[in-house]
Amino acid sequence: MKEFFINAALTKAINDYQSSKEQPDGILYNSFLTVVIRLLVCLYSELDIINPLMTDNEEALKSNLTKFGYKKESLEAFFNDLEAFYVIDRKNEEQSIKEDNPYFVVVQKELIDMLIAKKLNFHLTEKEVKEFFQLLYKPSSSNPLQVSYNYLTAKDVYEVENYFKREMQDNVKSIEVREKRLLPYRAYELLNYKISDIEQMSSEAIDKINHSVYDFFKIRENAINKEYLLEKSIEEYERSKNKVTTGNGYVDILLIMGVICTAVMLITVVTLLVF
């Protein structure tokens, strides 16, 4: 296996996460590099982040981190910025006068961008958003270690929090409302659907019922003249239901003769009563 997986910063971050996750109140578990992995696990899954390192498959990690629409070039920038943070952070540990580390904020903003990509292109639960927001470094954090580190490292302690709120507000997933494709109401009634129920259904639910209607009348949905065929099928179906028939020609003749005889008898009785 190579000395580093992607780079030194990510390798240390994943290793620190694995060695400290059983001590959630410990300093290492709440250190910045470990929190970066916790944010990634929140967005993706632990398997998506840890397994590629265990199998030494960098491409698998890159594929996992871009599966919700985060761009490959943005991901490479994220890796580079995480490494840049780590380089400055190690240097600051060895000197009394600390150097500004802008990558502390930059990396968090990039993680927020990953969140937004998932929001716009996939599905983001309220639980995921809440957990993600809690892990960000901000003055309102319930974690005193994060609050103090944020004040020590960020020039503007509210920058990450404000960026999160602005991006969540500005990036709203647009849902295209597709027009409902309704068939003649009589088609639904023949299959025992209530028109009032049909009118309240979504276009997707109506599509499924339309499929059932075409299937009932044995009409191919890809037929060019399917609407015409449906109208004719409904007419034919209703004519066949209105016919007085038993399905047996000989019995039908006897049935019709019986109806005629009954009518003649009624006329005769009425005539005798009148005269």
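Observations, loosely collected:
- Summary of the geometry: segment 19-55 and segment 159-232, compared by the centres of their Cα atoms, lie 43 Å apart.
- Most to least packed among 38-48, 9-19 [average Cβ atoms within 10 Å]: 9-19, 38-48
- Selection among 122, 51, 80 by position relative to the dipole of segment 43-122 gives 122 as farthest towards the positive end (Cβ unit charges, Cα centre).
- Note on residue 120 and residue 235: with the Förster distance fixed at 45 Å, the Cβ-Cβ geometry gives a FRET efficiency of about 0.40.
- Across 71/208; 130/155; 127/194, pairs whose alpha-carbon gap is larger than 30 Å: 71/208; 127/194
- Under 5 Å, built H, 5+ apart or other chain: amide partners of residue 5: 11
- Across segment 53-62, computed HN-Hα scalar couplings (Karplus, 6.51 cos²θ - 1.76 cosθ + 1.60, θ = phi - 60°) run 5, 5, 9, 6, 10, 5, 5, 5, 5, 4 Hz from first to last residue, x flagging Gly and Pro.
Just so you know, all these numbers are worked out from the coordinates, no wet-lab data involved. A quick note: this is a predicted structure, and the numbers were derived from the prediction, not measured. Cβ atoms come from the backbone with ideal geometry, glycine included; neighbour counts cover every protein chain shown.
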